[in-house]
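The values are calculated or read from the model by the stated rules, or taken from the named source; none is laboratory data. Keep in mind the model is a prediction, meaning the values are calculated, not measured. Quick reminder, even Gly has a Cβ in these numbers, built from the backbone with ideal geometry, and neighbours come from all protein chains shown.
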Amino acid sequence: MKHRTNKPHRQARQRVLEVRVMSPRIAWLNFLKCAVRTFKFACVIAALAGISWGARRGIQQAFFNNPDFRLQVIALNANPVIDELGVAVAAGIDLNDKPCLFDIDVKDVEQKLGCLPAIAAVHVERHLPCTLAVTVTPRIPKAWLSCPTAGLTGIRRAGETLLDRDGVAYPCPALQVEAARTLPIITLPPSDKNPLQAGVRIQQPELDHCLLLLDAACEAEPDAMQWIESVRQVNEWSLLLVTRQGTAATFGLSDHSRQIRRLRAALDHAGEKGYVIDTINLIPKYNIPITVRDEPAPPPRAIPVSVKDPANATQNRRARDSRSLPKRN
């Protein structure tokens, strides 16, 4: 006959009582184990820190403190607005200190050079071991800017204001004076709505009209800038172009190509016949009115270094000549 035992009683008999005995010796051994693990971890951290410090010192000695990587050359592309010394000054680089090439922030140099109004774009690179390569895109001048009420005289000299082909105004660098000396002068009226700012495109319709006239003149004759002295808008429907010989030509706001051809034909005919055209109105398509000065045509004169007010000079000359010279319609 089998002896039956209930299930809870059987499970109770299988339980094991676990007793942990704690003594000073056991505690000391546990402490030693913990200390060993901590020491190993600290050794690993110290080894990693040492490797990192050694690597940094090695990089410092191999690159940053290596005289071979000191800035020796600023490789600048040929341009008429800035030279190597100007790049260093604008970028805040002390050439006497000869900084390490890796200490120079090329993005910061690009930003500082890009803030110069005469530079349209700039790109800077490091060329190991000792060269800072700088490529600038200068603004191409189209004309000088005159606005007497804004303090812009239009005198052809360094520091005065030039206009590029996009109508952006910028101070003329000293290196660009000779190249821009033959450019015409555009006179603009004052505008409180669109003040003139260096490095910013001028938003004035008068400027757009003058630039369109110059574009048409250059398209018809590549050396037109050599004989155009100044351009300005005199009223809502006409422009006044003054040549180097003082001829005042009136243009409309459109149809410039035809009017330029008529002006060149008239000037060439006057040169062949030996007289000088004083005024000519090119707006009419037929029976173009002109006035002449009864004097022999002067030889081509040199471009003046400074022109205070071409418009006033032309008016004074016209008034002086009209007192004694006949007019021909």
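Observations on the structure shown:
- Residue in the range 88-100 that is in contact with a helix residue (DSSP H, G or I) (Cβ under 7 Å, 6 or more places away or on another chain), assigned to a helix (DSSP H, G or I), at pLDDT below 90 and not β-branched (Val, Ile, Thr) present: no
- Test: residue in the range 189-200 that is crowded, with 16+ Cβ neighbours inside 10 Å, under 18 Å from Leu116 (Cβ atoms) and of a type in the set (Val, Ile, Thr): no
- Residue check for Arg165: touching a Cys at 6+ places or on another chain (Cβ under 9 Å), surrounded by fewer than 16 Cβ atoms within 10 Å (Cβ to Cβ) and within 30 Å of Glu219 (Cβ to Cβ): no
- Taken over the range 244-266, the residue count meeting the criterion of being within 14 Å of Cys218 (Cα to Cα), buried (at least 17 other Cβ atoms within 10 Å of the Cβ) and not hydrophobic (A, V, I, L, M, F, W, C) is 2.
- Only one of the listed residues (Arg139, Arg157) is basic (Lys, Arg) and touching a helix residue (DSSP H, G or I) at 6+ places or on another chain (Cβ under 7 Å). That residue is Arg157.
- Enumeration of residues in the range 92-151 that are exposed (fewer than 13 other Cβ atoms within 10 Å of the Cβ) and either within 14 Å of the chain's Cα centre (by Cα) or under 30 Å from Arg181 (Cα atoms) (or both): Cys115, Ala121, Thr149, Gly151
- Only one entry in Leu152, Leu183 is in contact with an Asp or Glu (Cβ under 8 Å, 6 or more places away or on another chain), among the hydrophobic types (A, V, I, L, M, F, W, C) and more than 30 Å from Asp68 (Cβ to Cβ), namely Leu152.
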